[in-house]
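Only one structure is covered here, and it is reproduced in the block below.
The values are calculated or read from the model by the stated rules, or taken from the named source; none is laboratory data. Not measured: the values here are computed from a predicted model. Glycine gets a Cβ as well: all are built from the backbone with ideal geometry, and neighbour counts include every protein chain shown.
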Amino acid sequence: MKKIVFDNISWRYSSSKEWALKEINAEIEEGEVVLVTGPTGAGKTTFCRLLNGLVPHGYPGTLRGRVYIDGRDTTTIPISKIANFVGSVFEDPESQIVWTNIKDEVIFPLENRRIQKDEMEERISQSLGLLGLLDKVDKTPYELSGGQKQRLAIASVIAARPSIIVMDEPTSQLDPVGRREVMEAIKRIRDEYNSTIIIVEHNIDALLNYADKMILLNEGCIVIQGEPDAYYSSVEDIVRYRGPLPECVELSYRISQITGKKFNCYNTDCLKEAIEKVIGNKVIEVNEWDIVNFDSKGDTAVELRDVSFVYADNTKALDGVSITVKKGEMVGIIGVNGSGKTTLAKTLNGLLKPSSGSIKIFGKDVNAYKQAELVGKVGYVFQNPIHQISCRTVREEIAFGMKNLGFNEEIIRHNVETLLERFNLSKFGDAHPYNLSRADQFRVTFASVVAMNPDILVVDEPTTGQDHAQSHEIMNFLQEENKKGKTILVITHHLRFVAQYIQRLIIMLNGKILYDGQTRNAFSNYSLMRSSLIEPPEMSKLSYLLADKGFHGLISVDEFIDRIAELATF
Ligand SMILES: Nc1ncnc2c1ncn2[C@@H]1O[C@H](COP(=O)(O)OP(=O)(O)OP(=O)(O)O)[C@@H](O)[C@H]1O
Ligand SMILES: [Mg+2]
C-alpha cells in the first residue's frame, strides 16, 4: 500500500480568494525521501500542513479531494492522533519551542508516546548527538543560536521516530556541513525505521543526493514530479516554473547549451567527467589570481579591537575579535552555527555591550553615540524577523523606523511604496506581518531598515527561506547600495551567493576570526575550509577536482562557463 496519497487535493484558506493548492495528485511510498521545492507562494507550507493535519483541522477553509495516510483519510483522524505518526519541523523553529530546557524539548514528544525511561535517555543522546547539541544541554533553548534552535527542532522530531517526518525548510539556517549532517541523520532514521520523509527546501545542493523523489510546486500546482534523474532532465521546465537549480545542475545545463551535447549531471564527479570530455587534453596555464587589497585608504566605518563577549550563562561568544571595515566595503561573514556571527552583529549597534575591547563606528566609540543617532548610522536586520516586528500592518512596519527618525511624511510614503514594490511585498501592504511566511517577514524587516538609509547595513542571513529569485534580488540590492557608498556586512550560510557577490570574507569559529581576506582564496584553500568546518560551494569543490586542468580557484558557474569556452573545441 502507498504510504501517502494526495487524491486530487485543492485547498483554499478562508482568508483568501485564491486556492493555495490546486488538484494535487501524488503518491509517496513508505521509506521515500521526497524533496519539495518551488518559488515563494507556491504552496509548499500548505503541502506540509496537509500531511500533519493542520490543514484542514487547524485552519478554516475549503477542502476538495482527500489525503490518505496508510489508506486512512486524514480528515477523519483528529490532529492529536495524526501527531503520533507525523512529526513536523516548522519553518520557524522558535515557534516550536515549548520548554525552558533543551532535554525537555526532546523528552516531551517521547512522554506522549509513553517511551520507557532507559530508551528515552538513549534516544535523547542519539538525537542530540546527531544534531551536534550534546554539549549544549545545560542551556535553555532561548540561549541557542538561530541554527542551533533549528537543530533542536529537528532533534526532537527525530527522537520520536515517527513513521512520517515533514520538514518545512529545516536546514535554512544551518551551515553547509550542518545541512549534510541533518541529511545523514534523516537518512539513518529512514534506514533504521523506514520513516517516510518530506522536506521542503530552496537550497537543495546538499540535499539532492539523498532524494528519492522531487516535487516542484508553482502557484499551487505540482508542475513536475519524479526521480531526480528524470526531474533534472527537464531543466527548461524547472527554469520556466522558477524551481531552484543546484549549482551542479545549472553548470551541466549550461555546458549542454554551449556544446550542443546533452549532459545531465547533478554532482561534481559527473561534471568533472563531462568537462574532461568537452575540453579533451587541453590544459590552460593560468596565472595566479590577482590579489585584491582590501586595506584601501579612506575612512574607517567599523573598527573592533580585541572585542570579547560573554553571555549570562558564561558562554564566550566573542573571543578577542579585531576587524577593520572601511567605508564603502562589502564584507561577508560566514561560520558554523554558534560561531558568534549574530553576537558580533549585535555589538555593532549597541544591542549587546562587549565584555571587553572597543568598538568604533566612524571613529567614535559605540558607547558615545546616542541610541537614535546610532540607529541612523548602523542598520541591523535581525536573523529572526519576528524579533524585529512591532506593527500591525506591513506598511506601518516599513514606515516605523523612518517615523522614529523624524523623516517627513512625503518621503516616508514614497519609500514605503517603492520598497513594497521592490521586494515583492505590494500585495501584503495591509496584511499583519505575523500572517506572512518567514521569508516574506524578513523582506519586510529588511525594507524597514534600509528605508532609514543607514550608512552601515548589517544583515543577518538575508537569503534564509528566500527562493533563488528573491535571494538574487536581495544580493543585487545590497550590491547597488554598496556601489552608492554604503558599508555592508552580510552574514550568511549560502555560500554560492557569497561566491557570486562578495569579495571580502570573514570566517568565524568559536568566537574568533579565523580568516579575513579574499573570498576566492578562502574557498580555494582546502585546509582552511576544513579547519573552519565549512563545506565550500559546489563550484569550489569542482575546481579542486579539475585543478590540474587550469580550473584552480574558480568559484562560480559563470567562471566555469568562461573557462570551458576558452578551452573547448566545438
Ligand atoms: N542569549 C544567549 N545566551 C547564552 N548563550 C548564547 C545566547 N545567544 C547565543 N548564545 C551562544 O553564543 C554562541 C554564539 O552564538 P551566535 O548566535 O552569535 O552564533 P551564530 O554564529 O550567529 O550562529 P547561527 O549560524 O546558528 O545563527 C553559541 O555558542 C550560542 O549557543
Ligand atoms: Mg546567527
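Looking at LEU420, LEU457, LEU436, LEU425, which one is away from ligand 1 (no atom under 16 Å from the Cβ), at pLDDT below 95 and in contact with a helix residue (DSSP H, G or I) (Cβ under 7 Å, 6 or more places away or on another chain)?
LEU436
Restricting region 129-153 to residues that are within 15 Å of the chain's Cα centre (by Cα) and within 19 Å of GLU535 (Cβ to Cβ), which is farthest from ligand 2 (Cβ to nearest atom)? I'd like the intermediate steps shown before the answer.
At the first step, the residues of region 129-153 found to be within 15 Å of the chain's Cα centre (by Cα) are 145-151.
Checking the rest, the ones that are also within 19 Å of GLU535 (Cβ to Cβ) come to 145-148, 150-151.
Values: SER145: 5, GLY146: 4, GLY147: 7, GLN148: 9, GLN150: 10, ARG151: 12 Å.
Going through the qualifying residues, I end up with ARG151.
Determine whether region 445-462 contains at least one residue that is farther than 20 Å from ASN203 by Cα, in contact with a Pro (Cβ under 7 Å, 6 or more places away or on another chain) and in the same structural domain as THR342 (by TED's automatic domain parsing). Full working, then the answer.
First pass over region 445-462, keeping only residues farther than 20 Å from ASN203 by Cα: 445-458.
After this cut, where a residue has to be in contact with a Pro (Cβ under 7 Å, 6 or more places away or on another chain) as well, the list is 445-446.
Next, from what is left, pick out any that are in the same structural domain as THR342 (by TED's automatic domain parsing): 445-446.
Yes.
Identify, from the list PHE85, PHE47, the residue that is under 25 Å from ARG114 (Cα atoms), of a type outside the set (S, T, N, Q) and surrounded by 14 or more Cβ atoms within 10 Å (Cβ to Cβ).
None of the others qualify; the one that does is PHE85.
Given the options LEU217, LEU152, LEU110, LEU128, name the one that is in contact (Cβ under 8 Å) with a residue 12 or more places away in the chain, closer than 27 Å to PHE47 by Cα and either part of a loop (DSSP other than H, G, I, E, B) or within 16 Å of ligand 1 (Cβ to nearest atom) (or both). Full working, then the answer.
Numbers: LEU217 fails: either part of a loop (DSSP other than H, G, I, E, B) or within 16 Å of ligand 1 (Cβ to nearest atom) (or both); LEU110 fails: either part of a loop (DSSP other than H, G, I, E, B) or within 16 Å of ligand 1 (Cβ to nearest atom) (or both); LEU128 fails: closer than 27 Å to PHE47 by Cα.
After ruling out the rest, the residue left standing is LEU152.
List the pairs whose first member sits in region 323-340 and is in contact (Cβ under 8 Å) with a residue 24 or more places away in the chain and among the polar types (S, T, N, Q), whose second member is surrounded by fewer than 23 Cβ atoms within 10 Å (Cβ to Cβ) and part of a strand (DSSP E or B), and whose Cβ atoms are under 7 Å apart, counting only residues at least 6 apart or on separate chains?
THR324/THR300; THR324/GLU303; SER339/LEU509
Quick test of your reading of the structure: MET402 fulfils all but one of (1) farther than 18 Å from ASN349 by Cβ; (2) surrounded by fewer than 21 Cβ atoms within 10 Å (Cβ to Cβ); (3) not polar (S, T, N, Q). Name the failing condition by number.
(1)
Cβ-Cβ distance below 7 Å, separation of 6 or more or different chains: which pairs start in region 309-321 with a residue that is over 9 Å from SER356 (Cα atoms) and end on one that is assigned to a loop (DSSP other than H, G, I, E, B) and within 8 Å of ligand 1 (Cβ to nearest atom)?
Partner pairs satisfying both residue conditions: ASP313/LYS139; LYS316/GLY511; ALA317/TYR311; ALA317/GLY340; ALA317/GLY511; LEU318/GLY340; LEU318/GLY511; ASP319/GLY511.
Could you check region 329-347 and list, in sequence order, the residues that are within 16 Å of MET475 (Cβ to Cβ) and either near ligand 1 (Cβ under 7 Å from one of its atoms) or within 18 Å of the chain's Cα centre (by Cα) (or both)?
GLY332, ILE333, ILE334 - these are the residues of region 329-347 that are within 16 Å of MET475 (Cβ to Cβ) and either near ligand 1 (Cβ under 7 Å from one of its atoms) or within 18 Å of the chain's Cα centre (by Cα) (or both).
Given the conditions (1) within 14 Å of ligand 1 (Cβ to nearest atom); (2) surrounded by fewer than 23 Cβ atoms within 10 Å (Cβ to Cβ); (3) more than 24 Å from the chain's Cα centre (by Cα), report the number of the one that VAL321 does not fulfil.
So the condition that VAL321 fails would be (2).
I need the full set of residues from region 308-318 which are more than 8 Å from ligand 1 (Cβ to nearest atom) and among the hydroxyl-bearing types (Ser, Thr, Tyr), in order please.
Within region 308-318, SER308 is the sole residue that qualifies.
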